[in-house]
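Colleague: Below: one structure in structure tokens.
Just so it is clear, none of the values below were taken in a lab; they were calculated from the coordinates. Keep in mind the model is a prediction, meaning the values are calculated, not measured. As a convention, Cβ positions derive from the backbone with ideal geometry for all residues, glycine included, and neighbour counts pool all protein chains shown.
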Amino acid sequence: MSEMFDLARWRPAPFLPEKEARDGALIFVVAVLCFLACLTPIGVIAADRAARGWTGQLTGEATVIVRPRGGETPDAAAARAAEALSGVAGVTEARALEPAKAYDLIRPWLGDVTDLEDLPVPRLVAVTLDARHPADARRLRAALAAQTIDATVDDHAVWMKDIRRAGDLIRWLGGGVFALIAAAAGAVVAFATRAGLAARRDVVEVLHLAGADDGFIARLFQLRFARVAGQAGLLGAVAAAAVAAGLRLAGGGEGLTPALPLAWSDLLAVLPCPLLAALVAAAAARITAMRLIGDMR
């Protein structure tokens, strides 16, 4: 009898096996969700960087549209406006742009017009503002009015407002997508927990008879699915980092498009993914297990 059964080597089978046939599918689904979840903050960070860069450029510049008066030539009016603005506090530089610059701006709207020189095209003055104490549009208008210059000041406030609104919208959308993916991952784990409990209903009843409380049984599922989700989160994070690194190498510092300038530091956004995946899975597994175990009583 001792040859057939060695009590010293006998170990009880675990309530939940270390591996199951369904684990591969569960890991794949959670890894894909984590991959998408990691790409979301990377994209949001890159888009926010682009928005801040554009806002910074617009904040440091202003454009003045100058219209000649009386017998004054457009070039003379632009030169006079540039001279008037150069002495304004908060202005670093003011220079009249070449007529070709103005022609290039209006040519797409007028089509193939060969005699643009004959049209009363206003001249442009590019104003570079002090980064620390920039002059506002009101001060620029006052300086132009003091020299009786007919001009319109565009301080790009409308463009900056639109860019900030777009940046806020991207951040909210990114947060919503991330929350939706986290909810989907929790639902997948809850379904797996429900299947695991249904397959071991008899064992759960025996454990109850042996004195095990609901929290102890639920903790077994909680730890197991947290471990599985953590492994899947690591796979998804590595895949997302590899894709982001490939885009960074392919597009350089500007990314594949100026709207998504990627930096190597953006890859750090994937680091919390395995931990977050494990926490979501643990919470979903425990809530589901506690509810189902209570129904089995």
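Colleague: Using per-residue counts of other Cβ atoms within 10 Å, averaged over each peptide, order 230-239, 58-67, 85-94 from highest down.
Modeller: Details: 230-239: 22.0, 58-67: 19.1, 85-94: 16.0.
Highest mean packing first, the order is 230-239, 58-67, 85-94.
Colleague: Kindly put H133, H156 in sequence by how many other C-beta atoms sit within 10 Å of each C-beta, fewest to most.
Modeller: Ascending number of Cβ neighbours within 10 Å: H133, H156.
Colleague: With r as the distance between the Cβ atoms of L169 and T92 and R0 = 35 Å, compute the FRET efficiency 1/(1 + (r/R0)^6) and round to 0.05. Each step should come with its number before you reach the end.
Modeller: Values: r = 32 Å, r/R0 = 0.93.
Calculated value: 0.60.
Colleague: OK, next. Most exposed first by the Cβ proxy, i.e. fewest other Cβ within 10 Å, how do V125, V44 rank?
Modeller: Going from sparsest to densest Cβ surroundings: V44, V125.
Colleague: Can you put T73, T128, T40 in order of Cβ neighbours within 10 angstrom, beginning with the fewest?
Modeller: In order of increasing Cβ crowding within 10 Å: T73, T128, T40.
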